[in-house]
Structures are given as structure tokens and as C-alpha cells.
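Notes follow once the structure below has been shown.
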Amino acid sequence: MKEYNADSVKQLSFREGVRKRVGMYLGSPDMEGVYNALFEIVSNSVDEAIVGFGKKIIISTTNISATVQDFGRGIPRGPKEGNPEVLITLLTESHSGAKFDDDSYTSVRGLNGIGSGATCCSSDHFRVISKRDGYEWTLDFIKGVPQTATATRGPVTKETGTTITFAPSAEVFSAEPINIDYEIVVKKVKDMSYLLPGITFVVINLDTKVKQEFCSKNGILDLLEDVVKEPLVKMNIHSFVEDKENRVEIAFKWSKKGHSEKSYIFVNGAECPEGGSPMTGFKTAITRTLNKDFNKTFSGELVRRGLTYVIACSVKHPLFANQTKTKITNAELRGLSDKAFTDAWRDFSLKNPKELEIIKDFLAKEDKADQAAERARNAIINSVKEIETAQKKKVILADKLKDCEKHGEEAMLVICEGDSALGALSQARPIENVALLPIRGKIINVLRHDIEKVLENEEVKNILMCLNAGMHEKYDHRKLRYGKIGIAVDADADGYNIMCLITTLVYGLFPKFLEEGRLCWLRSPLYKVEYRVENSYAFNDSELESIQKQKGRGKIKRFKGLGEMNPDDTEVSMFGKHQRLERLILNDKEQTYSQIEMLMGPEVEGRKQFIFDNIDFSLLEE
């Protein structure tokens with residue numbers, strides 16, 4: 001081990017620090033860090049727009065580079081305090097910039113004097129063009145090193161503004177290949193446009209020549225309209241408050257569909273995805289106020305279910321939890337956000353009593369659904385405990401289950417209809433790996449009853465106990481006592497109905513079992529055709545006709561059900577040479593599940609239409 005002494009202490013320059021530890025400055029050494037770098041530059045242009053300089057910002061990208069152009073005042077250049085070029089100071093030294101001067105900027109995002117410098121130092125190539133003082137000035141950097149001692153003076157111009165082009169360095173952002181995604185940039189810019197009404201953002205893909213333009217007229221209200229496609233009530237609930245240094249604007253509405261809460265927190269024109277103090281103020285206010293007004297004890301999560309809210313803050317002295325500015329921590333914003341919500345809600349509730357009742361009813365229904373879900377969770381937990389207790393006692397349906405000798409992937413649990421079918425199958429099955437479980441009549445439809453009632457059903461409990469693999473998200477195929485289920489029912493309408501009900505049960509309680517291809521139809525024959533040499537079995541009318549065409553007309557016996565079959569017939573047709581074990585394969589999972597819901601679920605209209613579309617009523621007897 002190398003000796004640790006005074007010589008071990010190293011001091012890195014800002015440039016070296018950025019290139020070696022870019023995550024400290026731009027968040028991470030991957031594409032997220034690259035996007036942070038790009039929007040550090042964009043934020044500077046936004047800051048110019050916030051203080052009233054420039055009505056348009058142009059962002060152009062390729063896969064490996066980006067350009068940001070604004071029409072603000074242009075970055076200052078020239079000598080300062082013995083330094084021949086202040087541009088070099090701004091772009092290669094930390095904590096340098098005009099935003100430490102309250103007279104130059106107010107209510108801006110970038111206050112640490114690190115963002116543009118970190119972007120410059122982490123780039124292979126970085127070019128800044130500043131139009132000001134009647135000229136165009138250019139300075140190039142390679143890996144953070146200026147290529148000239150001062151900016152180069154270009155042509156005379158009356159225009160003002162700044163254009164920065166940079167190519168992130170693969171040496172610095174080494175966690176993944178550099179690949180700037182135009183659509184990600186578009187999404188970020190579009191969100192930003194809502195915070196700057198009247199400012200035009202142009203985003204150009206230089207590789208594909210695609211160009212998109214964003215300019216919001218109504219600010220965050222436009223964002224809310226774009227995001228909430230099916231609002232619970234039409235109007236936005238909106239307000240703003242301000243003090244001498246800060247302004248907080250909020251807007252929110254609930255959606256009819258989708259229970260996810262969506263939040264957009266912006267500070268000085270840029271998003272803070274982790275929220276911070278204004279989000280805390282909003283959440284506290286909405287829970288307190290709605291519970292008081294509705295005389296309820298709704299949880300905060302319930303009150304915000306289906307809610308989309310936008311909080312836009314303009315802050316003179318923002319404090320962030322990190323350099324990438326994903327969370328704002330100014331304590332005063334909590335109180336301002338609380339007041340903004342209270343003002344907005346009071347105005348809305350006084351002017352819109354009908355809409356207020358709609359929101360109240362919506363939350364009450366959600367609360368009722370939550371309570372039902374909690375009862376369901378408890379029912380599942382109790383059911384699992386009951387099964388585990390039975391397993392520990394090694395008492396697995398001793399009076400009903402005809403178990404097999406070996407369990408595991410090769411074992412099959414055959415569910416049959418009634419004791420007569422059980423008797424026919426028990427004498428014919430391979431006892432080594434086939435277990436039998438009879439059920440009484442038609443099993444409960446799990447899609448039309450609450451989970452509590454379903455789990456109280458004796459037949460359902462028996463099936464769950466036999467499989468011993470849990471249900472819903474607790475299902476674990478490694479715990480299965482039987483690798484597959486075989487449904488053995490009579491070849492008639494009642495039998496097919498029972499098969500559908502068992503399939504529905506599996507779909508409703510442990511759908512992964514279906515997706516793993518473990519559910520099978522152990523078909524029972526409809527006909528036996530006797531010949532001198534060898535009998536044949538037909539499973540439908542067309543098969544019967546085919547057998548007779550091939551072998552001639554033999555003696556036909558029609559089985560009314562499994563209970564009519566003798567052990568020899570059962571052994572040959574269901575477990576032997578003529579076995580039909582048809583596995584349910586989900587080629588299109590979504591379509592299959594949709595069909596199960598339509599055929600077996602509580603909604604009637606879809607099933608009615610299916611019947612009319614697929615049944616020839618002229619064939620029915622009068």
C-alpha cells in the first residue's frame with residue numbers, strides 16, 4: 001500500500017474536478033448528466049428571457065452535440081481585474097457569473113455559477129458566440145481549455161444574443177454512449193414553455209431536419225389542459241400569491257380515469273422533479289382543507305388520487321438541495337403554496353357548488369373502493385394463513401383430494417366434476433403423477449363477486465390449498481405442488497361452463513399460472529366406436545364422421561358424462577393412447593384477458609353483442 005502523507009494530498013482545478021467527478025456538478029456521468037448540461041445552458045437563456053431580454057430561444061441537436069441560441073444581451077466579454085478575457089473566467093472557473101449581482105438578475109434558476117462552466121469543461125468542443133457591443137465575439141474551448149487568450153472579434157452586428165455549441169465528452173460521460181434523444185429534449189422544452197408565456201421555443205433536430213415550436217399563451221393552465229384529457233370537472237382551479245421577493249402560482253384538477261397523481265413543480269422556469277417545500281405546502285393544504293370541508297378523514301394519497309397539479313415559483317434567492325436543482329428548499333415557499341391553494345379552493349368552492357359535489361362524490365367512491373380493497377387484502381392474507389396452517393399439519397383435503405405419489409413440475413392436478421367423475425378417473429389415472437380433486441357443481445365466478453366472498457367459497461379454498469403457490473403478487477411457481485392443472489369435465493354445455501369458470505378463477509386469482517402455460521383441458525370423449533381390433537374415440541361429431549369414413553361403421557356409444565365411462569375407457573381415452581391434453585397458450589395475452597372479462601365479467605353489453613354476432617338463432621328449436 002502506498003504511504004499516506006502530505007504528498008498524497010492533491011488539489012484539482014475546477015476543470016480537472018469536472019472531468020474526473022462530473023456527477024458532483026451535473027448529476028451523473030451518463031445521458032442524464034448530458035441533458036443536465038444542455039439545460040444548464042438553456043437555463044441561462046431562460047434567465048435572460050425572465051428578466052425581459054429576448055422573446056425566442058432556439059435549441060438545435062444532433063446525436064452528439066447541441067446548440068442553444070438566444071436573443072438576449074449577449075454574454076459580457078473583455079478584461080476584468082487583470083484577466084484579459086472575462087468569458088474564460090465565466091466558463092472555466094466555479095462560482096463566477098452575473099447572477100450573484102441582484103441588479104443584473106432577479107428570480108433566476110442558475111445562481112451557483114457552476115452550470116455553464118461545468119458544461120464547458122465536460123465537453124470535447126465548446127464554442128461560445130456573443131453578439132454585443134456592436135460585434136460578434138467567438139471563443140473556442142477544447143476539453144475546457146480556451147484556444148485563444150481572448151475572444152475573437154467577428155463582423156459588425158446590431159443584433160444581440162448568445163449562441164453556445166458543445167459536444168459532450170465521451171471520456172467524461174462514460175457510463176453510456178453519447179446519444180442525445182431529440183424527443184427527450186422536446187419534452188423538457190415543451191414543459192419549460194408553459195412557464196414562460198409569450199416566449200417562443202424552437203427545437204430542431206439537425207440530423208432529421210424536424211422542427212417543433214412551442215409558445216404558451218396561458219402558462220401553466222395550458223399545461224394542465226394538455227395533460228388532463230378526461231377531467232372530472234371542466235374548469236381549472238387556479239390562483240397565485242406573492243410577497244416582495246417570491247411568487248407562487250398553482251393550478252390543479254382531477255381526472256376521471258387513472259389513479260396516478262401527477263405533479264409538476266417549476267422554479268424560475270425549470271422543473272424540479274423532486275418537488276420540495278412548495279409541494280409540501282400544497283399537499284398539507286389540500287388534505288387539511290378538503291377533510292374539513294367534506295367532514296371526512298381522507299388520507300393525503302386518497303385526496304390526490306387522479307389529481308394533476310402544477311406549481312410555478314418565481315424566487316429571487318432559490319435554495320436547492322443539490323447542484324442539479326431537482327428539489328427546492330426555500331421554507332417561505334411552503335407557506336405561499338399553502339395560501340395559494342387555500343385561495344384557489346375557496347374561490348372555486350363558492351362559485352361552483354355542483355362541481356364541488358362531483359369532487360366530493362368521486363373521493364367518497366375512491367374511499368369506499370379502498371376499504372373494499374383493504375378487506376380483500378385481509379381476506380387474501382387470512383386465506384394464505386389457512387393454507388399454510390394446513391400444510392404444516394400435513395392435512396391437505398384428506399377427505400376429498402386423491403393425491404399422487406410425486407409432486408412437482410411433472411405432476412398434474414385434475415379437477416373434475418363431482419364424485420361420479422372422480423370414481424371413473426381414480427381407477428384409470430397414473431397414480432404416480434396425477435392427483436384428482438372433485439368440485440361440486442359450478443364453481444363461483446370470481447369476476448362477479450368480491451374477493452372476500454370468493455375466498456370463502458369451499459371449492460376455491462380447496463384449489464388454492466392443493467396448489468399451495470399463493471395468489472396475485474404473492475404467487476410463486478416454485479411452490480407449486482403440481483406443475484399443471486387439467487380440467488376434466490363432461491363434453492356438454494354444463495361441462496364447458498365449468499371449464500370457463502375454472503379458467504376465470506385462475507385468471508382472477510393467479511394469472512401468472514395462465515401465462516406460464518400450466519392450465520390444460522383434459523378432454524373427455526363424446527363417442528366410443530367399437531371395432532373388432534381396436535376401439536376409437538371421438539371428441540366431437542366431426543371426428544366421429546371422420547373415424548367412420550376411415551374405418552367403417554362400428555358400434556357407437558355416446559357418453560353422457562365421465563361417470564358413464566368404465567375404467568378401461570377412461571384409461572385409454574384420457575390417460576393413454578387417445579389422450580387429449582390441450583394446453584392453453586396465450587399468444588396474445590391482452591386479447592385473451594379481454595375476452596375472459598367480456599365473457600365472464602359483470603358487464604353485460606359486450607357479452608350480449610358477442611352472442612348476437614356468433615349464434616345463428618335460426619338453428620334453435622322453437
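Looking only at region 223-235, decide whether some residue is within 24 Å of LEU336 (Cβ to Cβ), in contact with a Lys or Arg (Cβ under 7 Å, 6 or more places away or on another chain), buried (at least 19 other Cβ atoms within 10 Å of the Cβ) and at pLDDT below 90.
no
Counting only residues that are hydroxyl-bearing (Ser, Thr, Tyr) and touching a helix residue (DSSP H, G or I) at 6+ places or on another chain (Cβ under 6 Å), how many does region 546-597 have?
Here is the first cut: in region 546-597, the residues hydroxyl-bearing (Ser, Thr, Tyr) are 546, 570, 573, 592-594.
Those still in the list that are touching a helix residue (DSSP H, G or I) at 6+ places or on another chain (Cβ under 6 Å) too: 570.
Result for region 546-597: 1.
Select, from ALA372, ALA312, the only residue that is out of contact with any Ser or Thr (no Cβ under 6 Å at 6 or more places or on another chain) and not assigned by TED's automatic domain parsing to the domain that holds LYS257.
On the way: ALA312 fails: not assigned by TED's automatic domain parsing to the domain that holds LYS257.
The match here is ALA372.
Which residues, counting only those in region 407-437, are closer than 11 Å to PHE575 by Cβ and either touching a residue at least 40 places away in the same chain (Cβ under 8 Å) or crowded, with 17+ Cβ neighbours inside 10 Å (or both)?
MET412, VAL414, LEU425, GLN427, ALA428, ARG429, PRO430, ASN433, VAL434
Picking from PRO273, PRO278, PRO353, which residue would you name as being more than 15 Å from LEU224 (Cβ to Cβ) and crowded, with 22+ Cβ neighbours inside 10 Å?
Values: PRO273 fails: crowded, with 22+ Cβ neighbours inside 10 Å; PRO353 fails: crowded, with 22+ Cβ neighbours inside 10 Å.
None of the other options fit; the residue is PRO278.
Examine region 471-485 for a residue that is within 17 Å of LEU425 (Cβ to Cβ), surrounded by 22 or more Cβ atoms within 10 Å (Cβ to Cβ) and among the β-branched types (Val, Ile, Thr), and state whether such a residue exists. Talk me through it step by step, then tell me what you get.
Of the residues in region 471-485, the ones within 17 Å of LEU425 (Cβ to Cβ) are 482, 484-485.
Those left that are additionally surrounded by 22 or more Cβ atoms within 10 Å (Cβ to Cβ): 482, 485.
Okay, now just the ones that are also among the β-branched types (Val, Ile, Thr), so 485.
Yes: region 471-485 contains one or more residues that are within 17 Å of LEU425 (Cβ to Cβ), surrounded by 22 or more Cβ atoms within 10 Å (Cβ to Cβ) and among the β-branched types (Val, Ile, Thr).
Looking at this structure, is MET600 in contact with a helix residue (DSSP H, G or I) (Cβ under 8 Å, 6 or more places away or on another chain), touching a residue at least 40 places away in the same chain (Cβ under 8 Å) and in the same structural domain as ALA488 (by TED's automatic domain parsing)? Full working, then the answer.
Working: in contact with a helix residue (DSSP H, G or I) (Cβ under 8 Å, 6 or more places away or on another chain): yes; touching a residue at least 40 places away in the same chain (Cβ under 8 Å): yes; in the same structural domain as ALA488 (by TED's automatic domain parsing): yes.
For MET600, the condition - in contact with a helix residue (DSSP H, G or I) (Cβ under 8 Å, 6 or more places away or on another chain), touching a residue at least 40 places away in the same chain (Cβ under 8 Å) and in the same structural domain as ALA488 (by TED's automatic domain parsing) - is met.
Does region 73-83 include one or more residues that are under 38 Å from the mean Cα position of the chain (by Cα), at pLDDT 85 or above and hydrophobic (A, V, I, L, M, F, W, C)?
Taking every residue of region 73-83 in turn, none turns out to be under 38 Å from the mean Cα position of the chain (by Cα), at pLDDT 85 or above and hydrophobic (A, V, I, L, M, F, W, C).
If you go through region 580-618, how many residues are over 30 Å from THR570 (Cβ atoms), β-branched (Val, Ile, Thr) and part of a loop (DSSP other than H, G, I, E, B)?
Counting residues in region 580-618 that are over 30 Å from THR570 (Cβ atoms), β-branched (Val, Ile, Thr) and part of a loop (DSSP other than H, G, I, E, B) gives 2.
Hey, could you check region 17-59 for residues that are under 32 Å from the mean Cα position of the chain (by Cα), surrounded by fewer than 24 Cβ atoms within 10 Å (Cβ to Cβ) and outside any helix (DSSP H, G or I) and say which is modelled with the lowest pLDDT?
GLY27
Can you pull out every residue in region 564-575 that is assigned to a loop (DSSP other than H, G, I, E, B) and either touching a His at 6+ places or on another chain (Cβ under 7 Å) or surrounded by 14 or more Cβ atoms within 10 Å (Cβ to Cβ) (or both)? Let's see the steps before the verdict.
Step one: of region 564-575, the residues assigned to a loop (DSSP other than H, G, I, E, B) are 565-566.
The answer is MET565, and nothing else.
Show the residue pairs that are 6+ apart or on different chains and have beta-carbon atoms under 9 Å apart, the first residue being within region 178-191 and in the same structural domain as ASN36 (by TED's automatic domain parsing) and closer than 16 Å to PHE166 by Cβ, the second being assigned to a helix (DSSP H, G or I) and of a type outside the set (Val, Ile, Thr).
ILE178/MET31; ASN179/MET31; ILE180/MET31; ILE180/TYR35; ILE180/LEU38; VAL185/TYR35; VAL185/LEU38; VAL185/PHE39
Being farther than 14 Å from GLU458 by Cα and in contact with a Leu (Cβ under 9 Å, 6 or more places away or on another chain) is the filter here, so list the residues in region 424-443 that pass it.
Filtering region 424-443 down to residues farther than 14 Å from GLU458 by Cα leaves 424-436.
Within region 424-443, ALA424, LEU425, SER426, ARG429, VAL434, ALA435, LEU436 qualify.
Quickly run through region 178-207 and pick out the residues that are under 27 Å from the mean Cα position of the chain (by Cα), modelled with pLDDT under 95 and not hydrophobic (A, V, I, L, M, F, W, C).
LYS187, LYS188, LYS190, ASP191, SER193, TYR194
Look at region 313-336 and say how many of its residues are out of contact with any Lys or Arg (no Cβ under 9 Å at 6 or more places or on another chain) and either in a helix (DSSP H, G or I) or over 22 Å from ILE265 (Cα atoms) (or both).
Taking region 313-336 first, the residues out of contact with any Lys or Arg (no Cβ under 9 Å at 6 or more places or on another chain) are 317, 319, 322-324, 326-335.
Filter once more, keeping what is either in a helix (DSSP H, G or I) or over 22 Å from ILE265 (Cα atoms) (or both): 332-335.
Final tally of qualifying residues: 4.
Restricting the search to region 543-565, which residues are without any contact (Cβ under 8 Å) to a residue 60 or more places away in the chain and under 11 Å from TYR527 (Cβ atoms)?
GLU543, LEU544, GLU545, ILE547, GLN548, GLY554, LYS555, ILE556, LYS557, ARG558
What are the residues in region 241-254 that are part of a strand (DSSP E or B) and either over 32 Å from the mean Cα position of the chain (by Cα) or surrounded by fewer than 19 Cβ atoms within 10 Å (Cβ to Cβ) (or both), if any? Spell out the reasoning first.
Initially, region 241-254 is screened for residues part of a strand (DSSP E or B), giving 241-242, 246-254.
Listed by number, the residues that qualify are VAL241, GLU242, ASN246, ARG247.
The values are calculated or read from the model by the stated rules, or taken from the named source; none is laboratory data. All figures in this text were calculated on a predicted structure; none of them were measured in a lab. With ideal geometry, Cβ positions are generated from the backbone for all residues, glycine too; neighbour counts draw on all protein chains shown.
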